[in-house]
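Contents: one structure, followed by commentary.
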Amino acid sequence: MSTYNMVKQEFIKKWITTLHMLDCSVEHPLNVTERKNAIKLSSDIAMAAARSGSTVWSRALISRSGNKTANKPVARRILKKARNRLKNRCLTLRRNGNFTAKSGVRKRTELLKSLVPGGELIKNKDYLIRETLDYIVYLRAQVDVMRTVAAVDSVTGNLTNDNK
Amino acid sequence: MSNRRSRQSSRASRISDDQMIDLVGKLRQFLPEIRERRRSEKVSASKVLQETCNYIRNLHREVDNLSDRLSQLLDSVDEDSPEAAVIRSLLM
C-alpha cells in the first residue's frame, strides 16, 4: 500500500472515532449548521490525530480545535488524548532564520504562515516548508476521503429517488 | 575544525541552495500548475510560495464545502434508509 493510501486509512480510522465520540455527546438533534461544524471539527481533529509525530501543524490544529469544543466534554477527551501523545516529544520552535528575503517572498511567506496551523510560530523558513509539505499531504487525504463519502451519499440518494 | 563546528551549529538555521532546490522540487510535485510548466531549476521562490498558498486555500475551501454537503445529505437521511446503511458500512 502506498504511503498516501496509508495516510488516508489512518485518517478514516481516526475520523470514525471522532465522529462517534462527538455523536455520543450530543443530547438533542442538531440543526444543519451545528452538524456541519461537528463534521468539520471531527474531520480536522482526525486529520491532526492521524499525524502521529511532533509536527507543529498537528499540535496547533488540535489546540485550535480545543477552543471550539468548550461544551463537548467527550470531544475534550479526544483532544486531551491527542495532546498527551504529542506533548512528550521535544520540539524547539524558535530558531532564527538567516536568510534575506525580497519583499515578494517575505509577503508570501507570511501568507503561508497564516495558512498552515501553527505556522506563525515557526521562525525557520526551512522548517516552515517541511511543515507545509507534511500538512498538504494530510489535507489532501482529508479532502479525498470526505469527497468519497459525499459521492457515495449522493449516488445512493439518486438510487432511492428512482425507486420512489 | 572550526568550520565543521560552525557548519553544524548553523545547519539548522541556514538553508543551503541544495536544500532549497530539493524542497522546491518536492513542493512542485504537489502543485499541478507548476508541474505542467517547463522543468527548469530556476523557479522563483515567490511563485512557488504563491501557488502553495493558493493550493492550501483551495483545499480549505473544499473541506468547508464538503462539510456543508455532508451535513445536508445526512440531514435527509432516515435511520433505515439505504443511504444510512451505506454510510454506516463505510464508516464502521
Inset, instruction - Fewest Cβ neighbours within 10 Å first, please rank A:Val32, A:Val149, A:Val116 accordingly. - result: A:Val32, A:Val149, A:Val116
Legend entry - Exposure proxy order (Cβ contacts within 10 Å, fewest to most) of A:Tyr4, A:Tyr135, A:Tyr127: A:Tyr4, A:Tyr127, A:Tyr135
Legend entry - Cα→Cβ-extended label distance, 7 Å offset, between A:Val32 and A:Thr3, nm: 4.1 nm
Legend entry - Computed label-point distance, nm, for sites B:Arg57 and A:His20 using a 7 Å Cα→Cβ extension: 3.9 nm
Inset, instruction - Sort the following peptides by mean Cβ neighbour count (other Cβ atoms within 10 Å, averaged over residues), highest first: B:46-55, B:63-72. - result: B:46-55, B:63-72
Inset, instruction - Net charge near A:Gln9: determine it from the other residues with C-beta under 15 Å of the C-beta of A:Gln9, scoring Lys and Arg +1 and Asp and Glu -1. - result: +3
Inset, instruction - Partner chain Cβ atoms within 10 Å, averaged over the residues of A:54-67 - can you pull that number for me? - result: 0
Inset, instruction - List every residue whose amide H lies under 5 Å from the amide H of A:Lys123, counting only residues 5 or more places away in sequence or on a different chain, with H placed 1.01 Å from N in the peptide plane. - result: A:Arg95
Legend entry - In order through region A:50-55: 3J(HN,Hα) via Karplus (6.51 cos²θ - 1.76 cosθ + 1.60), integer Hz, x for Gly, Pro: 5, 7, 7, x, 9, 8
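Throughout, read-outs are computed from the coordinates displayed, never taken from laboratory work. Remember, it's a predicted structure, so these values are computed and weren't measured experimentally. As a convention, Cβ positions derive from the backbone with ideal geometry for all residues, glycine included, and neighbour counts pool all protein chains shown.
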